[in-house]
Amino acid sequence: MNTTSTPTDRLGGKDEPSVRELVERATHTYIAQLQFRYFKDDPAAVAEMAQLRRGAGRRAHEIPELWGIDALEKLAELITKGKTDSGHREDAEEAVFLASTLWALHQQSRPGQDSHVRGKDLGGAVRALIRLKKAEATDEEDSTLRKRLVRVGTAESFQSVAVRLREIVMLLRTVPEPPPLDYARLAGQLYRWQDRSARAGVQREWGREFHLAASAPRTGKGKTPDAEKGDAIDPALGADEDGTYGGYAAGE
């Protein structure tokens with residue numbers, strides 16, 4: 001499945017934006033504004049980011065003190081005029097919440113370093129981290145970092161995706177200049193992932209991003225291209241000797 005929305009994802013007529021598009025817009029607007037304030041050392045922004053970090057890897061309903069964050073308010077404003085069912089709204093809220101809290105964790109203690117950069121996808125960020133840590137990985141293709149991405153792709157529940165993405169963000173933070181990530185794009189993917197019929201398409205995107213980054217320029221600020229075809233995420237990766245993938249059974 002590509003990134004176009006299904007008919008049920010539309011808020012109104014065919015010219016109306018999809019819920020996915022609004023999820024990405026709300027996420028980008030919120031993060032861009034908060035990041036700007038954070039770089040200005042705005043005490044309120046610093047405090048808000050500290051609060052957001054407590055929600056990283058959690059579900060939106062689990063952190064009552066974050067129910068009113070501006071990201072969700074912006075999302076509500078964008079979809080208020082449209083007609084969409086509660087299921088789509090809840091999925092949208094979860095996606096915006098998770099992406100925003102993961103960004104806050106990624107950005108922690110790095111004023112002046114943009115952790116949210118449009119066009120920097122998840123697979124590309126993992127590939128970039130592998131290259132930065134290549135001295136620790138004897139075989140790039142079999143590195144533990146690659147297996148971390150596989151674990152995101154094989155997750156069976158949104159809670160598992162949230163926890164595994166948090167693990168990747170924590171790994172990104174282990175280098176002095178962590179590879180940035182497009183958290184708006186990630187939010188859109190997380191929204192689509194919650195639709196069982198769209199999940200395989202999102203998993204393929206994560207795999208394509210990783211594979212395409214292998215041949216992408218290693219320097220420069222160009223965007224990682226969006227592929228329209230490619231392998232599903234690590235279809236050739238076999239289980240470890242104990243029957244797990246990087247220490248975890250598929251679907252855990």
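The values are calculated or read from the model by the stated rules, or taken from the named source; none is laboratory data. Keep in mind the model is a prediction, meaning the values are calculated, not measured. Cβ coordinates were reconstructed from backbone atoms using ideal geometry, including for glycine residues, and neighbour counts include every protein chain displayed.
If you check Gly201, Gly247, Gly222, Gly251, which single one turns out to be surrounded by 14 or more Cβ atoms within 10 Å (Cβ to Cβ) and either modelled with pLDDT of 50 or more or out of contact with any Phe, Trp or Tyr (no Cβ under 9 Å at 6 or more places or on another chain) (or both)?
Answer to the selection: Gly201.
Could you please let me know if Asp114 is of a type in the set (Asp, Glu), at pLDDT 90 or above, buried (at least 24 other Cβ atoms within 10 Å of the Cβ) and closer than 23 Å to Gly55 by Cα?
Numbers: of a type in the set (Asp, Glu): yes; at pLDDT 90 or above: yes; buried (at least 24 other Cβ atoms within 10 Å of the Cβ): no; closer than 23 Å to Gly55 by Cα: yes.
No, not satisfied.
With the requirement that a residue be outside any helix (DSSP H, G or I), more than 10 Å from the chain's Cα centre (by Cα) and among the charged types (D, E, K, R), what does the stretch 143-196 give you?
Kept after step one, since they are outside any helix (DSSP H, G or I), are these residues of the stretch 143-196: 143, 155-157, 173-182, 194-195.
Add one more test, that the residue is more than 10 Å from the chain's Cα centre (by Cα), and what stays is 143, 155-157, 173-180, 194-195.
Selection gives Glu156, Arg173, Glu177, Asp195.
Here is a check on your reading of the model: is Arg25 at pLDDT 85 or above, touching a Leu at 6+ places or on another chain (Cβ under 6 Å) and surrounded by fewer than 19 Cβ atoms within 10 Å (Cβ to Cβ)?
Spelling it out, it is not the case that Arg25 is at pLDDT 85 or above, touching a Leu at 6+ places or on another chain (Cβ under 6 Å) and surrounded by fewer than 19 Cβ atoms within 10 Å (Cβ to Cβ).
Just one of the numbered conditions (1) in a helix (DSSP H, G or I); (2) touching a Pro at 6+ places or on another chain (Cβ under 8 Å); (3) at pLDDT below 90 is not true of His106; which one?
Going through the list (1) in a helix (DSSP H, G or I); (2) touching a Pro at 6+ places or on another chain (Cβ under 8 Å); (3) at pLDDT below 90, His106 breaks only (3).
Hey, Ala184 hits all of (1) closer than 22 Å to Val117 by Cβ; (2) at pLDDT below 95 but one; which does it fall short on?
(2)
Test of understanding: among Val150, Val161, Val126, which residue is farther than 30 Å from Lys40 by Cβ, buried (at least 19 other Cβ atoms within 10 Å of the Cβ) and at pLDDT 95 or above?
Numbers: Val150 fails: at pLDDT 95 or above; Val126 fails: at pLDDT 95 or above.
Just one listed residue meets the conditions, Val161.
I need the full set of residues from the stretch 32-56 which are acidic (Asp, Glu) and closer than 16 Å to His116 by Cβ, in order please. Give the steps one after another, and end with the answer.
Keep residues of the stretch 32-56 that are acidic (Asp, Glu), which gives 41-42, 48.
Once the filter is applied, which keeps residues that are acidic (Asp, Glu) and closer than 16 Å to His116 by Cβ, the stretch 32-56 yields only Glu48.
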